[in-house]
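Nothing in this text is a laboratory measurement; each read-out follows from the coordinates by a stated rule. What you see is a predicted model; the values in this text were computed from it and never measured. All Cβ positions, glycine included, derive from the backbone under ideal geometry; neighbour counts span all protein chains shown.
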Amino acid sequence: MSPQSPWELSFLGGAFQTTSTYNGQGTADWQVAAQQTYGFGAELMHLGNNFGVGLGLHYGSYADRLSTPELSSSTTALQRYWYLADVDTTILLVTGYDSVAMAYTGINVPTTIQVIQSAYDTVTTSSLLRAASERVNRTSYVELPLLFDAHLVQGRWSIGLRGGPSLGLLTTRSGSIPRDMDEGSISLNEVTMRRFMLGWTARAYVRYRFNSAWSVGLEPALRGQLLDGLDDHGTTRRSTAIGGMLSLSYRLR
């Protein structure tokens with residue numbers, strides 16, 4: 001039996017490998033590794049023969065493992081010091097007086113004396129500003145995507161592409177980032193972040209309809225953020241995710 005209604009309700013869930021790109025002063029030495037996260041959602045679509053449009057309600061997280069190296073500060077200054085220098089010389093030792101010649105007599109005695117002299121040296125002082133560290137940064141959003149769909153149907157099978165822009169609401173966050181060339185780190189809970197985030201989502205899907213109402217699908221997916229998540233901060237962070245979802249769809253009667 002073929003579906004009778006153009007309205008379709010879908011429920012989705014799956015896993016993603018997500019990571020982030022950091023930019024800003026001092027970020028060149030940062031190492032970022034992807035982390036596994038999960039995503040869930042529901043979508044209501046109005047579908048025609050080959051095209052459709054609809055809205056979704058998604059929940060998902062972006063996470064990365066951020067490793068930062070040790071940060072230290074060095075200062076160099078000139079320091080004056082004094083030392084004793086050996087000087088070879090000859091001392092005239094008077095041994096007598098010649099009254100006829102009316103002159104003193106003596107001998108030369110070689111000797112070494114020490115003279116105080118001064119010089120300058122450079123002194124370098126190093127101090128640790130931030131120890132090397134590793135942490136997982138995670139942000140979660142409720143997202144409202146506007147979805148556009150293009151599909152082909154062959155019997156019980158359908159293949160298609162679906163995606164569009166989304167508006168996300170920040171719900172939770174955890175982790176930290178180094179301060180901008182300063183001592184220590186700052187928690188993401190203390191950083192000014194965008195409460196609302198513009199993003200995008202895109203999926204390909206293959207679905208099998210086992211009766212006129214229900215179908216299941218396998219859906220490779222991509223999603224990401226269009227804006228910097230760290231609002232008004234010296235460091236920028238944008239996140240993306242790649243993964244796959246399973247779907248269960250119901251064609252309304």
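In terms of overall dimensions, the chain has a Cα radius of gyration and Dmax of 38.5, 150 angstrom. Here the chain is assigned +1 on the Cβ of each Lys and Arg and -1 on the Cβ of each Asp and Glu. Its dipole about the Cα centre then comes out at about 2060 debye.
Taking max minus min of the alpha-carbon positions on each principal axis, segment 75-126 gives extents of 73, 15, 8 Å, largest first. Taking the centroid of alpha carbons for each part, segment 213-236 and segment 133-149 are 5 Å apart. Computed from backbone phi, the HN-Hα couplings of segment 212-220 come to 5, 10, 10, 8, 10, x, 10, 9, x Hz, rounded to whole numbers (Karplus: 6.51 cos²θ - 1.76 cosθ + 1.60, θ = phi - 60°; Gly and Pro given as x). Annotation: amide H-H contacts under 5 Å for Leu227 (H modelled 1.01 Å from N, sequence separation of 5 or more, or interchain): Leu198.
Rg over Rh for segment 116-251 works out to 1.31, both radii taken from alpha-carbon positions and Rh defined as the Kirkwood radius.
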